[in-house]
Amino acid sequence: MSINWKAAQNYEELSKLAADIFEQQLQENEKSVLGLATGGTPEGLYSELVQRYNDGKISFEKATSFNLDEYVGLSADHPASYHYFMDTHLFHKVNMRRDSIHLPSGDAEDLQAIAEAYDKKIEASGGIDLQLLGIGVNGHIGFNEPGSSFEASTNIIKLTDSTREQNKIYFDSIVDVPSYAITMGIKTIMQAKKIVLLIAGSDKQGAIDHLSSGIITEDFPASILHKHTDVTIIYTGVEKKN
Ligand code: GLP
């Protein structure tokens, strides 16, 4: 099956369309295993999910989550860490059980062991039912930078200069941006039963052009999504030319 492309009128609509998919997932199976993402793009989705939780439409009580990635060297209470992001935008605001929340630890001593254990935990949970993704300008998903193997499971990766440059807005200065991250691998991501990718903003025009060209290459990690059977891409602020 090919990718299901959905154009949203604006960012608000993109967030609502994405929230509809999560709502449906949780209604079909309250014990869903959710793969979650960080970055500016999903912020609207998370506030929409919090709203729907407050309105009694959805519950996270029996759900499990696995986040995509974390910076190496940042503790969970560092304001730029993805642990902190998730607590702030979602976990502290809904009824998710603490022991059902999983993020790779970025400040553990043995990161390799953390990476291996992460994949095993995902497997033991029954696998990810619905995986949320954003995309980097260079086509990265999670922190799988260009050149990452499509066969990789959760691993430690060196961030490119362009990614560090792009993400420096979350730090005091570029020297504070970590050089490494721990990320679910492409293979791990592709094992999710269903995937939703959100693309918002004109700086992602090159990314959507690449994706819609259909060319699959490790130089543009998100291109692997063409090989998945259930992917929805919701986009706004960019033009899909073909
Ligand atoms: C980071 C994250 C990605 C995310 C990307 C895009 O690098 N590791 O998971 O998709 O940023 O972020 P934004 O949505 O802010 O453009």
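Each reported figure results from applying straightforward, stated rules to the coordinates on display, with no laboratory input. Note that the structure is a prediction, hence the values are computed from the model and not measured. Here Cβ is always computed from backbone atoms with ideal geometry, including for glycine, and neighbour counts include all displayed protein chains.
State all residues of the stretch 165-183 that are surrounded by fewer than 16 Cβ atoms within 10 Å (Cβ to Cβ) and either among the β-branched types (Val, Ile, Thr) or within 13 Å of the ligand (Cβ to nearest atom) (or both); if no residue qualifies, say none. Result: 165, 168, 169, 174, 175, 180. The listed residues are 126, 134, and the only one of them that is of a type in the set (Gly, Ala, Ser) and within 16 Å of the ligand (Cβ to nearest atom) turns out to be 134. Annotation: of all residues in the stretch 152-164 being away from the ligand (no atom under 11 Å from the Cβ) and over 16 Å from residue 220 (Cβ atoms), the one that is surrounded by the most Cβ atoms within 10 Å (Cβ to Cβ) is 154. Among the conditions (1) touching a residue at least 40 places away in the same chain (Cβ under 8 Å); (2) within 15 Å of the ligand (Cβ to nearest atom), residue 121 misses just one, which is (2). Of all residues being within 17 Å of residue 125 (Cβ to Cβ), out of contact with any Ser or Thr (no Cβ under 6 Å at 6 or more places or on another chain) and not aliphatic (A, V, I, L, M) in the stretch 184-203, which is farthest from the ligand (Cβ to nearest atom)? Just the residue, please. Checking each candidate, the answer is 193.
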